[in-house]
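Notes for the one structure printed next.
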Amino acid sequence: MKSEPKVRASLPDGLTADTLREMYYRMVLTRMCDDRAFALNRQGKIPFAATCQGHEGVQVGAAYALKRGTDWLVPYYRDTALALSYGVTPREQLMCLFARKADIFSSGRQFPNHYSVPDRNIASISSIIAAHVTHGVGMALAFRMRKQPIVTLITFGEGSTSEGEWHEALNFASIHKVPAVFLCENNEFAISVPQKLQMAITNVADRAAGYGMPGVICDGTDPVATYTVVRAAVERARAGEGPTLIEAKCYRAMSHTSDDNQATYRTPQEIEALKSRDPIPRFEGWLKDRGLIDDETIAQLKKKAQAEVDEATDWAEQQPPPTEEDLYTHVYASGALS
Amino acid sequence: MKSEPKVRASLPDGLTADTLREMYYRMVLTRMCDDRAFALNRQGKIPFAATCQGHEGVQVGAAYALKRGTDWLVPYYRDTALALSYGVTPREQLMCLFARKADIFSSGRQFPNHYSVPDRNIASISSIIAAHVTHGVGMALAFRMRKQPIVTLITFGEGSTSEGEWHEALNFASIHKVPAVFLCENNEFAISVPQKLQMAITNVADRAAGYGMPGVICDGTDPVATYTVVRAAVERARAGEGPTLIEAKCYRAMSHTSDDNQATYRTPQEIEALKSRDPIPRFEGWLKDRGLIDDETIAQLKKKAQAEVDEATDWAEQQPPPTEEDLYTHVYASGALS
Amino acid sequence: MAVKTVLDGVRDAIHDEMKRDDRVFIMGEDVGPRGNVFLITKGFLDEFGRDRVIDTPLAEASIVGVAVGAAMAGMRPIAEIQFADFIYPAYNQIVGEAAKIRYRTAGAQTCPLVIRTPYGGGVRGALSHSVSVEALFYHVPGLKICVPSTPRDAQGMLVSAIRDEDPVLFLEHKRTYRLIKGEVPDSEFTVPIGVADVARTGKDLSVITYGLMRHFAVEAAETLARDGIDAEVIDLRSVRPLDRATILDSVRKTRRALVVHEDQKFGGIGAEVCAIIAEEALFELDAPLRRVCGPDVPAMGYAKEYEEAFMPNPERIGAAMRELAAF
Amino acid sequence: MAVKTVLDGVRDAIHDEMKRDDRVFIMGEDVGPRGNVFLITKGFLDEFGRDRVIDTPLAEASIVGVAVGAAMAGMRPIAEIQFADFIYPAYNQIVGEAAKIRYRTAGAQTCPLVIRTPYGGGVRGALSHSVSVEALFYHVPGLKICVPSTPRDAQGMLVSAIRDEDPVLFLEHKRTYRLIKGEVPDSEFTVPIGVADVARTGKDLSVITYGLMRHFAVEAAETLARDGIDAEVIDLRSVRPLDRATILDSVRKTRRALVVHEDQKFGGIGAEVCAIIAEEALFELDAPLRRVCGPDVPAMGYAKEYEEAFMPNPERIGAAMRELAAF
Ligand SMILES: Cc1ncc(C[n+]2csc(CCOP(=O)(O)OP(=O)(O)O)c2C)c(N)n1
Ligand SMILES: Cc1ncc(C[n+]2csc(CCOP(=O)(O)OP(=O)(O)O)c2C)c(N)n1
Ligand SMILES: [Mg+2]
Ligand SMILES: [Mg+2]
């Protein structure tokens, strides 16, 4: 790596040039994992894939704002970049896509991206939207009770903020000032339902006032902008000042999942226009402007990411699936009962 | 009744002197019904009573802001004054307290004050807090679909605003601009839980911003103040401009219900201090100041109310209870099945 | 008669009732331009407009709760829950409210509401898109619960449900949507709620089932018939009300009963079916009762292996039938 | 041994476990200064402080959901639902989440949580303060459900529940709280979850029951004993896991079984009990199975007359026992 540029002094608080390049690498790696998942789906090798294209900025920014190894993450199903930036490996990601027995998230029981990686402080979630938000609050409450300096980051889409459980979670969190950060990845759609049919407001952050907590908006296609606001909220939470609701404005580049077809509810022009918001070339530009990366490094990183994803795919595909007996394990601590 | 005073011109829009005295009468009548319920409970004649003392102002004010015979009411269990001002008679109220077969609310099936008086546009509610709020929204939606110029008033306590269903109801209502008015009777307690442990905000009205609807605060011990804001919200709703959240600040004079004892969580001083907020003497003063009532009329109205409540009590007590066969009716339209 | 899929039947029922009765409307997630995730309401928005095809926020309690209110106010809402697994947040509105409105008002208010939702496994839906929910609701008086499994029943019963004066939980097995085809009358018709269908007449044993398993049971019965075992297959079609008479008549005739459902065994619909038989026809049995059901584990997993191990199939059903016939 | 009420047993279990293990805490509506609506947690706030005695907002989904999160993070929360009728809004958290966490993570995360709630009728609780909810949950693998009915069982099983590694729904019959008194060991003890109690030994018929009805069944059995009918009464104590062995041993001995529960009949716990007997011991029965249960109407009404007509009582139970013994 060549010598660091002069502009270094102007880097955002807490981010070194190396970290910024690492963040870029995570975005690229995620994109490749994402594309691979869809390719495998089209090949009929996996029945389902969710995408995070358009969300890489917010997710990578948020991940780096946490103290890895200390803080907990209660993510949602669109958080591939968040997970890959928080210790999940491409092999682990691919194992969950193939639903193999040794899949560390759920042993092939859950849809992809529903996690549980407790050794890296990532919680399990179900597919039931917003149900995990109270869990995050309860975890934060537990950490506070035990006087552990842990912050819990809880993520969700803007559609999820309509659920009653979301409301209850934010209300509880604010009353009890739990060390949590609520991060809304606003991509303007809940499957096909546009934001204006989900809520009569423009900014999800405006909901914060109803709970007596700060509501902050950031550009979710910009990892550095997201990093900055999440970091401030994490510090606030860690200082015992209570939770924050952050709304990261981003977008969903592809259909909701491999089961959806956004052409039924979005015009081709609309979909085309999204391309200009792609967080990866944007961040590339930002890094280049500051002399933090060059075309050669970019090409090198992309090659490395591709190799990682290829290797992980081949490896994961070879792993054995669960067997019939696996159906019956882990029902209760004491096994199966009835 | 003597001739009307000169100050008449300054009466609130839509309220005549007669109406104002009628409102006063409803407050007094309610108080007497309320006291009677508790007396009957102490005598062991009825197992349960809920009180609305401290809420008479908001309830009577709100009732008169509606167009009776047109607008619908989706009340909650503390709305004795609202119901008695919206067509429910003391006999009907006492019948429900005694759980008689001919109780028009529920034929003695539900706790007191859970209504259903469809011929006077009052909906049925369960005891499950906040579950009725979405019903009110659905009713308003139905009226709008049918192009009927009906406004639906939905009431609840401040504690109820913590429930997820409350959030979902307000969100839906605002997106679809249904002709509804949400009225929070904030008495600062949910049974024993003070407002600061229910929410991290001072004003429930602040929650309105999260739904993109106006939030208005009024003095809920003042029937005229409440009337004025509810009326404006009703007009707004009727004009198709969407719902409003109103917070009427009032207080709960007595224990939550006959099963509660507020001495376990409120100091005697606190309870004593509430007396100065009693809406009845306050409104009496307001009327007197404007020359709309005098001591003689007051005494007369109180006597009349007492007679009404006495007669209703005696009558209701004599009515027959349900029988064993009544247990099996109205399970399905076609009777009982299984 | 036209040949349709179950999905066609569901769509046509909703469509025709919306045309017939302007009190009928549909609300749910993605029912608008998307036309529902299975494309059931495709084109409805254009035909019926935004007032009657309502894309709701992502909030199930309010999908049902708003529909309950509309029903109380005289409409005939169809509330769609995108997948049965997401019905839990609406449980209060269904069990605590809708099912009790008639009773709690002594008939003064009613709740003519249909709550439709796709359920069941076999489509790689994993842990939260595969559940069978009927047993979580069938204990609730005031509710009706339909579990049709043929295009004709799906269409005819859904029409009945929409016209019913009481709340109906209408469960559509998502694996049957495109898999199961069959003839459906061209002119208006209804299939009553509460009447089982004898899917196959037989004399050696009775298989009592519903949903996707009806088809597997019939398939197994046809295989057994080649070996001279003649099974009767009863498709319950609704689990509340339950058609006790058809169950008991069949069991009294065959003297052997097997209950089959995909849903987990413990506390499932089969429990009540067995209890009714044991109360009413115990001495008319020549063999113990038997159940072939989903296993008592929390859910169907994502991997194909979990799904296959969880769901009863024609082979497993056939094996149990053979054993029972031989008892 | 001290004589206590069921309420004392519940209170002492919570209290002693909170003293023993600082991971245990309680959260719910009015558990703070009010000391719970039945005064179960009276004095706890002073003793354990606001961190461990949490007055929650009026929001059941979050009471359970926050507790689930705390359990996942290593605590041992006790989530209180003020009345069982208010558990519906938390249904998703219990059925969709808590019950599945161990399974969905293949054991990597767990949810050692107790959800306590008073249930049942007989206290003029009317339509929304009288429900029995066990049948709405007992179909759910991953959950355990306790229904103790004596002070000793209430205390001992609640301690077991708090120490359990899995989510336990702990149902306390509110009529038993002050009505039922009994001896309870002074020193620390537990009662295991999943083992029925033979409340009365007998040889002529088996009454299988739980909750308040245990006491009514024993009362009825004592009355019948005077006429030479010797009934065995099994108190299930937990309905998931269900103690199949004790049920089957008893039925094999007496050859006659009556299931009694206050909860509605159709799809109630009795359905599964009957199904198990009919699968396992059909040819050992001398009489059809019978159930005496609450009626299949939506709820218990407020008027005394509804309550009395709804709830089984010793007379009705005794009459059914007599009939069955005479069969
Ligand atoms: C309780 C529940 N209801 C519905 C669904 C189906 N569903 C899955 S994702 C989704 C949209 C979520 O939108 P949003 O929260 O904005 O997140 P995004 O997918 O846009 O990132 C819906 C409706 C679900 N999984 N859970
Ligand atoms: C879902 C549900 N949870 C709990 C209760 C018990 N409960 C009845 S009233 C009440 C307090 C309500 O407070 P608020 O909404 O402020 O109304 P208020 O009684 O003060 O008028 C509670 C907790 C209930 N009835 N329903
Ligand atoms: Mg979104
Ligand atoms: Mg209050």
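Nothing in this text is a laboratory measurement; each read-out follows from the coordinates by a stated rule. These figures come from a predicted structure and were not determined experimentally. Quick reminder, even Gly has a Cβ in these numbers, built from the backbone with ideal geometry, and neighbours come from all protein chains shown.
Of the residues B:Ser174, D:Ser238, A:Ser255, the one with the fewest other Cβ atoms within 10 Å heads the list, and the complete ranking is A:Ser255, B:Ser174, D:Ser238. Listed by chain and number, the lysines placed with their C-alpha closer than 16 angstrom to that of B:Lys147 are B:Lys177; residues fewer than eight positions away on the same chain are left out.
When shorter helices are ignored and each DSSP H run of at least 4 residues is given -39500 (n - 2.57), the per-residue value for the protein assembly as shown at 222 nm works out to -11500 deg cm²/dmol. Counting neighbouring Cβ atoms within 10 Å and putting the fewest first, the residues B:Asp34, C:Asp12 line up as C:Asp12, B:Asp34.
Considering chain A as a Gaussian network with a 10 Å cut-off on Cα pairs, which listed residue, A:Leu20, A:Leu327, A:Leu197, attains the greatest mean-square fluctuation? Between A:Leu20, A:Leu327, A:Leu197, it is A:Leu327 that shows the largest mean-square fluctuation. Taking B:Ala307, B:Ala130, B:Ala65 as the candidate residues, the one with maximal mean-square fluctuation in a Gaussian network model of chain B, Cα springs under 10 Å, is B:Ala307.
Report the paramagnetic label zone for D:Asp186: residues of the range D:1-21 whose backbone N is under 15 Å from a point 7 Å from Cα along the Cα-to-Cβ axis. Counting only backbone N, you get D:1-4. For A:Glu92, neighbours were defined as the other residues whose beta-carbon sits under 10 Å from its Cβ, and their charges (Lys and Arg +1, Asp and Glu -1) total +1. With the simple spin-label model, which puts each label point 7 Å out from Cα in the Cβ direction, the A:Thr70 to A:Lys288 separation comes to 3.7 nm. Over the range D:165-319, all Cα pairs binned in 10 Å intervals from 0 give whole-percent P(r) values of 10, 38, 36, 14, 1, listed from short to long.
In the assembly of identical copies, C:Gly43 has its label point, taken 7 Å from Cα in the direction of the beta carbon, separated from the corresponding points by 7.3 nm (ascending, one decimal). Working value for the range C:275-327: equivalent-ellipsoid semi-axes of 29, 15, 6 Å, each the square root of 5 times a Cα gyration tensor eigenvalue, largest first. Using bins of 10 Å that start at zero, the share of Cα-Cα pairs per bin across the range D:147-206 amounts to 20, 47, 27, 5, in whole %. For the pair C:Leu179 and C:Lys42, a Förster radius of 25 Å applied to the C-beta separation gives a FRET efficiency near 0.85, rounded to the nearest 0.05. Remark: spin-label model distance B:Ser334-D:Met1 equals 5.3 nm, labels positioned 7 Å along the Cα→Cβ axis. When all alpha carbon pairs of the protein assembly as shown are counted in 20 Å bins from zero, the resulting P(r) reads 11, 40, 37, 12, 1, 0 %. Amide H to amide H distances under 5 Å link D:Ile234 with D:Ala199, D:Val207, D:Ile208, D:Thr209, where only residues 5 or more positions off or on other chains count and H is placed in the peptide plane. Give me the net charge for the shell around D:Pro77: Cβ to Cβ below 11 angstrom, other residues only, Lys and Arg +1, Asp and Glu -1. Value of the local net charge: +3. Using C-alpha pairs under 8 Å with a sequence gap of at least 6, the mean separation divided by the residue count of chain D gives a relative contact order of 17 percent. Averaging the sequence gap over all C-alpha pairs within less than 8 Å and six or more residues apart, then dividing by the number of residues, gives chain B a relative contact order of 23 percent.
Of D:Thr105, D:Thr56, D:Thr209, the residue with the greatest mean-square motion in the GNM of chain D, using alpha carbon springs below 10 Å, is D:Thr105. All other residues whose Cβ lies under 15 angstrom from that of A:Arg277 are scored, Lys and Arg at +1 and Asp and Glu at -1, for a net of -3. Distance between the 7 Å Cα→Cβ label points at B:Gln306 and B:Lys275: 1.9 nm. Taking Cα centroids, how far is the range A:307-338 from the range A:9-25 in Å? About 37 Å separates the Cα centre of the range A:307-338 from the one of the range A:9-25. Note on D:Lys203: lysines with a C-alpha under 24 Å away, same-chain residues under 8 apart excluded, are D:Lys253. For the range C:98-112, putting each phi into the Karplus relation 6.51 cos²θ - 1.76 cosθ + 1.60 with θ = phi - 60° gives couplings of 3, 5, 10, 5, 4, 5, 6, 10, 6, x, 6, 10, 9, 9, x Hz, in residue order, rounded to whole numbers and with x for Gly and Pro. For the range D:271-289 and the range A:107-146, what is the centre-to-centre distance using only Cα atoms, to the nearest Å? With the range D:271-289 and the range A:107-146 each reduced to a Cα centre, they are spaced 43 Å. Cross-link reach is defined here as a Cα-Cα straight distance under 23 Å, omitting same-chain residues fewer than 8 places apart; for D:Lys174 the lysines meeting it are B:Lys45, C:Lys100, D:Lys4, D:Lys42, D:Lys144, D:Lys265, D:Lys304.
What the Cβ-Cβ distance of B:Ala39 and B:Thr202 gives, at R0 = 22 Å and to the nearest 0.05, is a FRET efficiency of 0.05. Taking every alpha-carbon pair under 8 Å whose residues sit at least 6 apart, the range B:178-230 reaches a relative contact order of 22 percent. Where chain B is carried onto chain A by rotation, the Cβ closest to that axis, with its residue and distance in Å, is B:Gly164, 1. Ordering B:Val216, D:Val207, C:Val239 from the fewest to the most neighbouring beta carbons within 10 Å gives B:Val216, C:Val239, D:Val207. In nanometres and ascending order, the distances from the C:Val198 label point to those of the other copies are 4.6 (point 7 Å from Cα along Cα→Cβ).
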